[in-house]
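Let me begin by presenting the structure, written as structure tokens, before commenting on it.
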Amino acid sequence: MEEQSVIELRSITKKFGSVVANDRVNLSVRKHEILSILGENGSGKTTLMNILSGIYRPDAGEIFVNGREVQICSPKDALDLKIGMIHQHYRLVNVFTAAENIILGLAGSAVLDMNSVESKISAITKAYGFELDPKQKIYEMSVSQKQTVEIVKALYRGADVLILDEPTAVLTPQESEKLFVVLRNMKADGKSIIIITHKLQEVLDISDRVTVLRRGKDAGTLLTAECDIPLLAERMVGERISLDINRSEPVTPELRLKVENLTCVNRDGIKTLDSVSFEARSGEILGIAGISGGGMKELLEAIAGIQRTASGRVLYYRKNTSGIVLTGLNPFQIRKLGVALSFVPEDRLGMGLVGSMGMTDNVMLRSYESGKTPFLDKKSPRTKAAKIIDMLQISTPGTETPVRHLSGGNVQKVLVGREISSKPTVLMVAYPVRGLDINSSYTIYNLLNEQKKKGVAVISVIEDLDVMLELCDRILVLNNGRVTGIRDARTAEKDEIGMLMTAGDGK
């Protein structure tokens, strides 16, 4: 006999103007279960969970909790029904301790007895296998520790159903596995766990069932024991797609970029990069691995001439020439030297594109300073923009539509496409597939491979270590602004890279 559902959503519909985010979606969650919700970007996953957690109200449909129809109008209503959501961006006060964040906003004098509060927190962490010091300040914590605080906060407030939005997006493999152990312990204790994720292997590793959403509709719920990665990808996209990354061997690689003892210091006098040294070669993909805040952003920006450096050098090499010093130059000065360096930054609209401009004008940005009167000739940039739209299947009303009106994934495609179309000799990309669905992600991976085959030196920060090991030729690992290792991606192990990401130092 099938166990009764703890949560049941029936024919949930949610519209934002003319856009239908959820279209008569059905979903059920059982006790003692981990359910994954899988889907492409824009498929309605987070919207559906925001409805369940009280952030949005559905336009149509019914919600049942333990067999009783309910109305969830706010996060407080959800928590009263023992439903808690842990968002991708944590909502914590940095100067407070873990315990203070956990009780923040609770009513009653009991919360003022911090010894009692900390004792209850310790009981929760011990029961499920968390590692957490209730007295530790948030600003002293790693990303995984902050996530632990958010989960314990939901449990402390009585949640029996927990929704986790992309919980492993910024975790190392070791931290992810620790989280999985905790989630399995919670499941064994009768909790129901819902995980929103885009990682197919993660779905197979942790969940009992998976509900797939496609273009806002329910594409079915499957037992993960009966699934494999190609089947899940096909359910997401609606057709069978290739998930192979055909990594070629570098052909006659030559030194293209040399970084020597590069050091950067922030406004507080803290080193964000500490004597970083490495080489990037033509015809190879150098992956950069590290946890959030490890120095990856500062490294790419320093090379691109955006971040000021305290010491060290960046040298660019052409064939049969000595190194050209790039340190201390801004992007315009670097380009004026004839250095074809393209950079896809982490901040898409803040640094990479002008949100109020359309694709044509954003493509033209690179030529505004050339003195070739680009304002009088939009034909070539418009043609290039149209080619990028076709190449990356960008969803946009047209080349003149302001890019800020596009989805995050489509904005990323515009930026990557523009930088690749500029024919660089060095291409640096920070999180090239962030916000992209699986089909688009593999399109980008293949484009990076094509650049490599053309002799471009590709440097890429990639979140997914499985992809990094399959795509890259070498992997440079950063932790707290220091290089903890450089490994051959063909022989490196995932756990080894994960250890280097959290190591104090390394060789």
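The values are calculated or read from the model by the stated rules, or taken from the named source; none is laboratory data. Here the structure is a predicted model, which is why all the values come from computation and not from measurement. Please note: Cβ atoms are built from the backbone with ideal geometry, for glycine as well, and neighbour counts cover all protein chains shown. Note: areas computed on protein heavy atoms with side chains; ligands, DNA, RNA excluded. Shrake-Rupley method; radii C 1.70, N 1.55, O 1.52, S 1.80 Å.
Ranked from highest to lowest mean number of other Cβ atoms within 10 Å per residue, what is the order of the peptides 81-87, 113-119? Mind showing how you got there, number by number?
Working: 81-87: 22.0, 113-119: 13.3.
Descending mean neighbour count gives 81-87, 113-119.
What is the set of long-range amide H partners of PHE343 at a cut-off below 5 Å, with H atoms built 1.01 Å from backbone N?
For PHE343, the qualifying residues are MET428.
Given a 1.4 Å probe and every protein chain left where it sits, what share in percent of the accessible area of region 1-133 is carbon and sulfur? Present the calculation step by step, with values, prior to reporting the outcome.
Working: 3390 of 7000 Å².
Result for region 1-133: 48 percent of the exposed heavy-atom area is carbon or sulfur.
Hey, what's the chain come to in accessible area per residue, 1.4 Å probe, Å²? Intermediate results must be reported in sequence, preceding the final value.
Working: 23290 Å² over 507 residues.
Accessible area per residue: 46 Å².
Ranked from the most accessible area to the least, with a 1.4 Å probe and all protein chains present, what is the order of SER28, SER441? Intermediate values should be presented prior to the final figure.
Values: SER28 30, SER441 10 Å².
The ordering from most to least exposed comes out as SER28, SER441.
If contacts are Cα pairs under 8 angstrom and at least 6 residues apart, what is the relative contact order of region 249-306 in percent? Numbers along the way, then the final one.
Details: 68 pairs, mean separation 18.8, N = 58.
Taking the mean separation of contacting Cα pairs over the length of region 249-306, I get 32 percent.
How far is the Cα center of region 426-468 from the Cα center of region 77-109, in Å?
With region 426-468 and region 77-109 each reduced to a Cα centre, they are spaced 37 Å.
Against the longest principal axis of the chain, how steep is helix 379-392, in degrees 0 to 90 to the nearest 10, with axes from Cα atoms?
40 degrees
Please state the charge dipole magnitude for the chain, taken about the Cα centre, from unit charges on C-beta atoms (+1 on K and R, -1 on D and E), reported in debye and rounded to the nearest 20. Please report the intermediate quantities before stating the final value.
Working: 65 positive and 62 negative charges, 373 e Å.
It works out to roughly 1780 debye.
Pairs to check: LYS31/LYS153; LYS31/LYS413; LYS297/LYS319; LYS413/LYS453. Give those whose C-alpha atoms are more than 31 Å from each other in this structure. Kindly include the intermediate steps, with their values, before the conclusion.
Details: LYS31/LYS153 20 Å; LYS31/LYS413 40 Å; LYS297/LYS319 28 Å; LYS413/LYS453 21 Å.
Beyond 31 Å between Cα atoms: LYS31/LYS413.
Projected onto the charge dipole of the chain (+1 at Lys/Arg Cβ, -1 at Asp/Glu Cβ, origin at the Cα centre), which of LEU476, ASN50, ASN320 gives the Cα projection farthest towards the positive end?
ASN320
Tell me, what is the 1.4 Å probe accessible area of HIS32, in Å² to the nearest 10?
Here the accessible area works out near 90 Å².
For region 15-68 and region 111-186, write down the distance between their C-alpha centroids in whole Å.
25 Å
Under 18 Å between alpha carbons, and skipping anything fewer than 8 positions from LYS387 in its own chain: which aspartates and glutamates qualify?
Within the straight-line limit of under 18 Å, LYS387 reaches these aspartates and glutamates: ASP361, ASP377, GLU400, GLU419, GLU450.
Separation between the SER380 and ARG308 pseudo-spin-labels, each 7 Å from Cα along Cα→Cβ, expressed in nm?
3.6 nm
Using a 1.4 angstrom probe with every protein chain in place, what is the largest-first accessible-area order of ARG308, ARG490?
On the way: ARG308 205, ARG490 80 Å².
So, going from the largest accessible area down, we get ARG308, ARG490.
Taking the Cα centre of region 1-131 as the origin, how large is its charge dipole in debye, to the nearest 20, when only Lys and Arg (+1) and Asp and Glu (-1) carry charge on their Cβ atoms?
Values: 14 positive and 15 negative charges, 40 e Å.
Using only the charged Cβ atoms, the result is roughly 200 debye.
I need to check one value: relative contact order of region 11-114, counting alpha carbon pairs closer than 8 Å and at least 6 residues apart, in percent. Don't skip to the end; give the middle numbers.
Values: 98 pairs, mean separation 21.1, N = 104.
Result for region 11-114 is 20 percent.
Fully extended, how many nm does the chain gain between GLN88 and ARG10 (0.36 nm per residue separation, minus their Cα-Cα distance)?
On the way: separation 78, 0.36 × 78 = 28.08 nm, distance 2.56 nm.
Extra length available between GLN88 and ARG10 comes to 25.5 nm.
Where does each of THR383, THR360 land when they are ordered by accessible area, with a 1.4 Å probe and the largest first? Show your work: numbers first, answer last.
Numbers: THR383 65, THR360 0 Å².
In descending accessible area the options line up as THR383, THR360.
Among 482-489, 92-99, 283-290, how do they line up by average Cβ neighbours within 10 Å per residue, starting with the highest? Each step should come with its number before you reach the end.
Numbers: 482-489: 19.1, 92-99: 17.1, 283-290: 24.6.
Descending packing order for the listed peptides: 283-290, 482-489, 92-99.
Grab the beta carbon distance between ILE245 and ASN26, set R0 = 30 Å, and tell me the FRET efficiency rounded to 0.05.
Efficiency at R0 = 30 Å is approximately 0.30.
At 222 nm, what value in deg cm²/dmol follows for the chain if DSSP H runs of at least 4 each add -39500 (n - 2.57) and the sum is divided by all its residues, to the nearest 500?
Details: 16 runs with 161 residues, N = 507.
Rounded to the nearest 500, the figure is -9500 deg cm²/dmol.
Across region 412-418, in residue order, what do the Karplus-derived ³J(HN,Hα) couplings come to in whole Hz, using 6.51 cos²θ - 1.76 cosθ + 1.60 with θ = phi - 60° and x for Gly and Pro?
4, 4, 4, 5, 4, x, 4
Once phi is turned into θ = phi - 60°, what whole-Hz ³J(HN,Hα) does the Karplus curve with 6.51, -1.76 and 1.60 give for every residue of region 459-472, x standing for Gly and Pro?
Once rounded to whole Hz, the list reads 10, 9, 8, 10, 6, 7, 5, 4, 5, 4, 5, 8, 9, 7.
If I stretch the segment between GLN393 and VAL325 completely, what's the gain in nm (0.36 nm per residue apart, minus their alpha carbon distance), one decimal?
Working: separation 68, 0.36 × 68 = 24.48 nm, distance 3.81 nm.
Fully extending the segment from GLN393 to VAL325 adds 20.7 nm.
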